[in-house]
Amino acid sequence: MVLKYSAMKYSPVLVVQLILMVLFFIFVRYGDEKEAHVRGFEGTHVMIFVGFGFLMTFLKKYCYSALGFNWLLAALVIQWALLCQSFFTMKDNTIYITKKSLLEADIMSATVLITFGALLGVATGLQLLFIAIVETVIACLNLWLVTDVFKAADVGGSIAIHTFGAYFGLGVSMALRFRREDTTTPMNNGNPAPVVDLNGASYTSDVTAMIGSIFLWIYWPSFNSGLTNSDAEYQRAVINTYLSLAAATVTAFVMSSAVNKHPGRFDMVHIQNSTLAGGVAVGSVCNMHIGAGGAMAIGIGSGLLSVIGYRYLTPRLTKIGILDTCGVNNLHGMPGVFSGLLSVLFAGLASAQDYGTELSNVFEAVGPDGRSAGSQALYQFIALAVTIGLSLVGGFVTGLLSKMPVFGSLKDAERYDDQINWELP
């Protein structure tokens, strides 16, 4: 019996999994115990699979796909990232996996899930999987450039993870350039009738999305602080992230009420997303001496930026065919750029008087025999600029490749609908 193509359409994913298994047999071994006590892995793991997954369940008929594809993409990317990230540093053709490398792979998977948010409901499953595999390679290359070549300080990944993931997703969207859907369709008698718009939320789906927001909010300090090098850095990162999140939350509520189409009411889109912008905006500088008040100021600025982006910028992008279903530009993109620019400022202000012996921990290349603070600030800016350029170009090219017939494409009536991929009750 010959199986239909539709029954076998995801078989390439199993092929990829088998290839990964062979590569792990050949190259991967257990690392030693010195990184067994790395902080942040468990909290970040919850963010990836629960936080990101439930945050994207806001669409009224796409909750199965939001959770399911989030799970599938993350599980695949974590394995692929363990290899891609380590190919730059492997010794004797061997990759040693430790708890730290698992954390780094989890963090890399966030890049792909951010891109997934931009394309939520408008790309086929095979397109998403192809994009994820290609993006992981480019994102790992960019991470190597940011951390090893430019030696930029980016402990919370606001440059290499959030900014890259957001603008890679927008690059893909620009390549796909979704045309505006018709709002009417003829009935049997020839009279037009409105089509149900699935690109929207229901009361229940918005509540489940808030589960994701709350999990992300709670565990974001773990995400930002997991790769710090000392107890003092770790403590600063946790404090600064927490205060920035708190300030962003208050600001998001106030701004949502102020700019809403119905003044005085909160918009759930703002509350689900802009409350988290403080975690992104403080990411690159969370381990630096920015001060408690500075962390709050960053949170306030990111909350303002994010809500304004959702209210005014996203509709304009949609009008020109650049879809951003989850508004990742407003939660990850612009706050990530904001964080990158802040890292330029605080790198330029860094001094041994403020940091003492920690200066080389926070800024690896700065020191008596290394870069000056001003040079480090320049490299921070270069890292940000390269990230934006590489993500947009890489996303655009990947988007063009994903349009090949082998990956399929969704018709207008199939977007934002679980029925294409799932058995529904």
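Every read-out reported here was derived from the displayed coordinates using simple, explicitly stated rules and does not represent laboratory data. As the structure is a prediction and not an experimental result, all values here were calculated from the model. For neighbour counting, all protein chains shown are included, and Cβ atoms are generated from backbone atoms with ideal geometry for every residue, glycine included.
Between VAL259 and TYR30, the modelled labels are 5.2 nm apart [label points 7 Å from Cα along Cα→Cβ]. Put in order of Cβ neighbour count within 10 Å, fewest first, the listed residues TYR167, TYR96, TYR219 become TYR96, TYR219, TYR167. If I take every Cα pair under 8 Å that is 6 or more residues apart in region 40-173, average their sequence separation and divide by the length, what percent do I get for the relative contact order? That works out to 28 percent.
Charged neighbours of GLU364, selected by a Cβ distance under 13 Å, balance to -3 (K, R count +1; D, E count -1). In plain terms, the residue of ILE218, ILE161, ILE78 with the fewest other Cβ atoms within 10 Å comes first and the most crowded comes last, giving ILE218, ILE78, ILE161. Computed from label points 7 Å out along Cα-Cβ, the spacing between VAL137 and ALA75 is 2.4 nm.
Between the amide H of VAL28 and those of ILE95, distances stay under 5 Å, these residues lying 5 or more places away or on another chain, with hydrogens modeled in the peptide plane. What angle, in degrees between 0 and 90 and rounded to the nearest 10, separates the Cα long axis of helix 231-259 from the longest principal axis of the Cα atoms of the chain? Value to nearest ten degrees: 40.
For the pair GLU423 and ALA246, a Förster radius of 41 Å applied to the C-beta separation gives a FRET efficiency near 0.45, rounded to the nearest 0.05.
Around PHE150, what is the net charge, scoring Lys/Arg as +1 and Asp/Glu as -1 over all other residues with Cβ under 11 Å from its Cβ? Taking every Cβ under 11 Å from that of PHE150, the sum is -1.
Two decimals, Cα atoms only, Kirkwood Rh: what is Rg/Rh over region 215-302? Kindly include the intermediate steps, with their values, before the conclusion.
Details: Rg = 13.6 Å, Rh = 13.0 Å.
Rg/Rh: 1.05.
Between TYR10 and ASP148, the contour length at 0.36 nm per residue exceeds the Cα-Cα span by 46.1 nm. Think of the chain as having a plus end and a minus end, set by charges on the Cβ of Lys, Arg, Asp and Glu; of VAL146, PHE215, LEU392, LEU392 sits farthest toward the positive end of this dipole.
The radius of gyration of the Cα set in region 281-326, together with its Dmax, comes out at 14.5, 42 angstrom. Each Lys and Arg Cβ is given +1 and each Asp and Glu Cβ -1; about its Cα centre, the chain then shows a dipole of about 960 debye. Cα centroids of region 193-234 and region 92-107: 25 Å apart.
With contacts taken as Cα pairs under 8 Å at a separation of at least 6 residues, the chain carries a relative contact order of 24 percent. Using the Cβ of LEU424 as centre and a radius below 15 Å, the other residues enclosed give a net charge of -2, where K and R count +1 and D and E count -1. Using the average count of surrounding beta-carbon atoms within 10 Å as a protection proxy, the listed peptides 220-231, 354-365 rank, highest first, as 220-231, 354-365. Counting only DSSP beta bridges whose two residues both lie in the chain, roughly 55 percent are antiparallel.
Between 0 and 90 degrees, the angle of helix 334-349 with respect to the longest Cα principal axis of the chain falls at about 10 degrees.
Viscosity 0.890 mPa s, temperature 25 °C: what is the translational diffusion coefficient of the chain from Stokes-Einstein with a Kirkwood Rh over Cα pairs, rounded to a whole number of µm²/s?
Translational diffusion coefficient: 111 µm²/s.
Neighbour counts of other Cβ atoms within 10 Å put ILE131, ILE382, ILE271 in the fewest-to-most order ILE382, ILE271, ILE131. Round to the nearest 10 and give me the degree value, 0 to 90, for the angle of helix 125-144's Cα axis relative to the longest principal axis of the chain. Between helix and principal axis, roughly 10 degrees.
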